[in-house]
1. Restricting to region B:266-305, name every residue that is closer than 19 Å to B:Q39 by Cβ, of a type in the set (A, V, I, L, M, F, W, C) and crowded, with 16+ Cβ neighbours inside 10 Å.
2. Being within 19 Å of the chain's Cα centre (by Cα), assigned to a loop (DSSP other than H, G, I, E, B) and either within 17 Å of B:T217 (Cα to Cα) or among the polar types (S, T, N, Q) (or both), is that true of even one residue in region B:280-292?
3. Does any residue in region B:245-258 that is farther than 21 Å from B:A223 by Cβ come within less than 6 Å, Cβ to Cβ, of a residue that is assigned to a helix (DSSP H, G or I) six or more places away or on a different chain, and which pairs are these?
4. Specify the residue that is farthest from the other protein chains (Cβ to nearest Cβ); the eligible residues are those in region A:83-110 that are closer than 23 Å to B:I281 by Cβ and of a type in the set (V, I, T).
5. Please determine whether any residue of region B:217-230 is under 16 Å from the mean Cα position of the chain (by Cα), of a type outside the set (K, R) and outside any helix (DSSP H, G or I).
6. I'd like to check something: does region B:130-142 contain any residue that is more than 14 Å from every other protein chain (Cβ to nearest Cβ), more than 20 Å from A:L280 (Cα to Cα), surrounded by fewer than 19 Cβ atoms within 10 Å (Cβ to Cβ) and in contact with a helix residue (DSSP H, G or I) (Cβ under 7 Å, 6 or more places away or on another chain)?
7. Residue check, B:L136 against (1) over 25 Å from B:K161 (Cβ atoms); (2) in a loop (DSSP other than H, G, I, E, B), all met but one. Which one?
8. Take A:S23 and decide whether it is touching a helix residue (DSSP H, G or I) at 6+ places or on another chain (Cβ under 8 Å) and either over 25 Å from A:D88 (Cα atoms) or within 14 Å of another protein chain (Cβ to nearest Cβ) (or both).
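Each reported figure results from applying straightforward, stated rules to the coordinates on display, with no laboratory input. Owing to the predicted nature of the structure, the values given are computational and were not obtained by experimental measurement. Backbone-built Cβ (ideal geometry, glycine too); neighbour counts: all protein chains shown.
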There are 2 protein chains.
Amino acid sequence: MNFKQRIHGVLAPVITPFNKNLSPAPERFIARCKWLLTQNCGLAVFGTNSEANSLSVNERIELLDALLAADINPERVMPGTGCCALTDTVRLTEHAVKAGCAGVLMLPPFYYKNVSEEGLYRYFSEVIERVGDSRLRIYLYHIPPIAVVGITPGLVERLLKKYPTAVAGMKDSSGNWENTKMMLDAFGKSGFDVFAGSESFLLANMKNGGAGCISATANVNPAAIDKLYREWRNPDAETQQQELDVVRKTVGQYEMIPALKAVMAHYSNDPDWATVRPPLIELSKGQVKDVIDGLEKIDFKMPAI
Amino acid sequence: MNFKQRIHGVLAPVITPFNKNLSPAPERFIARCKWLLTQNCGLAVFGTNSEANSLSVNERIELLDALLAADINPERVMPGTGCCALTDTVRLTEHAVKAGCAGVLMLPPFYYKNVSEEGLYRYFSEVIERVGDSRLRIYLYHIPPIAVVGITPGLVERLLKKYPTAVAGMKDSSGNWENTKMMLDAFGKSGFDVFAGSESFLLANMKNGGAGCISATANVNPAAIDKLYREWRNPDAETQQQELDVVRKTVGQYEMIPALKAVMAHYSNDPDWATVRPPLIELSKGQVKDVIDGLEKIDFKMPAI
């Protein structure tokens, strides 16, 4: 096969800024994405931590268009495009492919539960056939703690056999290293790129042939995570991993999405960053204090941007 | 309060017909809805059994508009409008209210799990405030086996207190009669309409002050279910209930949605009715045979329409 170098490394599921009236705030989104790129962090916009499933299809399209209009390089962008409805997934995926995005991160349809592998195979096949574009690169998104519906090895095997170019890899947010390892062992050698869903598994993932990580905490700690991605063969890699884990544990001691936004609000001196869309709620003042105190104790720094 | 008589009785989550290419088939949908109305069955279009979550927002709006353009009475229609994204839910709900629908059946936002009661309260409040129409009647949709996120009594209590007119009732598809009974006991007397999510609980629901049922099987067995709704005080009500249960058990021995569609395809001599959107798959030929044989054994009839 002849195709461009695929995206590897560290990506952030970029948190989506809202105004007080809950409308998306494209200017802050653009600024944040530009900063993440300066940290060598790719943009997995519209992920779980982006509250993507709290955005309409049109809101996602408008936000992606705003990024591209601001000269963000689409080759560093991997938007989430997986919805419950086939037609929504096709629309978002087509839009991303036409925009030249590096790939798309695709949830399985997650409303109906206990669906068959055959049903999921037909779903992804139908998306690929309808998009019908040789530039399409899908990263299957396995996040059973939230989506409940997951990506099984049998499904990956069938899809890879039929669509070896379009099915480019996966993000494993199972939180279970054994599952990531199993996917790496089964499909890694054939060029299937496995991203860990958390930097907690970054070192292990790299040692086993993984492609990097797509992690919530990359929103606030991208440089250190990217450093381990580049230096995983160094003697201090275990120490770097431990330091990343401490930051993640500190930020994630409460609900991750409002915690990330609280950290953003604090370090950027912009209280609007704390706004989440319901059904999520912001952290309490006491929780914010715990997170910020914890970060200061470990001498964590994030530039105001 | 001064408002019109609210919708009561039996409603079907109308199965959505697709063409072979998976596009919705409005003509068959209209014909089916008209037939259901002749059976005294209300139209809970875009429910779980309608594969509503496999339809885009625009597809739902177009199908509802097609029904109304075909002179279906909106006062017999309760469309499902609850999506993961607040903005989608508002758009669908506004559209239904402006169309004069009897009410809307509203799922909680179901992507993020373990969300707080406060977050769900904010979500529903925000929808009600944004729609801002005194005609709005919301039926909260509790279906934890599929949506996972559910409707708690604490949430109902808070919403009813703030929005006693807009929050009109609920559909309980927990499959747990104790939960339905608890909701009836807590809120039934204040005029909150509890619909059982299956006709299996119709008699019990009516005996305890319920409003009727919204049930999958009403797609194929509406007259008999409506008969029990009207005659639940009759001496033969228990017998009627048992007969309904046999039909439901026969249809639902395999996956309910493809089974309902297989029954429709068989009795209407229209194989296209069997088409489902992925991730669902149609029943196997053997499964279809089991269902149809079972129905014939109990002398079940459905007119070809």
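1. First pass over region B:266-305, keeping only residues closer than 19 Å to B:Q39 by Cβ: B:266-268, B:270, B:273, B:295, B:298-305.
Those left that are additionally of a type in the set (A, V, I, L, M, F, W, C): B:273, B:295, B:298, B:300, B:302, B:304-305.
B:W273, B:L295, B:F300, B:M302 - these are the residues of region B:266-305 that are closer than 19 Å to B:Q39 by Cβ, of a type in the set (A, V, I, L, M, F, W, C) and crowded, with 16+ Cβ neighbours inside 10 Å.
2. Filtering region B:280-292 for residues within 19 Å of the chain's Cα centre (by Cα) gives B:280.
Filter again for assigned to a loop (DSSP other than H, G, I, E, B), leaving B:280.
Cutting the leftovers down to either within 17 Å of B:T217 (Cα to Cα) or among the polar types (S, T, N, Q) (or both) gives us none.
Checked against the condition, which is being within 19 Å of the chain's Cα centre (by Cα), assigned to a loop (DSSP other than H, G, I, E, B) and either within 17 Å of B:T217 (Cα to Cα) or among the polar types (S, T, N, Q) (or both), region B:280-292 yields no hits at all.
3. B:Y254/B:Q287; B:I257/B:N49
4. Across region A:83-110, the extreme among qualifying residues is A:T93.
5. Checking region B:217-230: at least one residue is under 16 Å from the mean Cα position of the chain (by Cα), of a type outside the set (K, R) and outside any helix (DSSP H, G or I).
6. Yes, some residue in region B:130-142 is more than 14 Å from every other protein chain (Cβ to nearest Cβ), more than 20 Å from A:L280 (Cα to Cα), surrounded by fewer than 19 Cβ atoms within 10 Å (Cβ to Cβ) and in contact with a helix residue (DSSP H, G or I) (Cβ under 7 Å, 6 or more places away or on another chain).
7. Every listed condition holds for B:L136 apart from (1).
8. Values: touching a helix residue (DSSP H, G or I) at 6+ places or on another chain (Cβ under 8 Å): no; either over 25 Å from A:D88 (Cα atoms) or within 14 Å of another protein chain (Cβ to nearest Cβ) (or both): yes.
Here the answer is no, as A:S23 does not meet what is asked.
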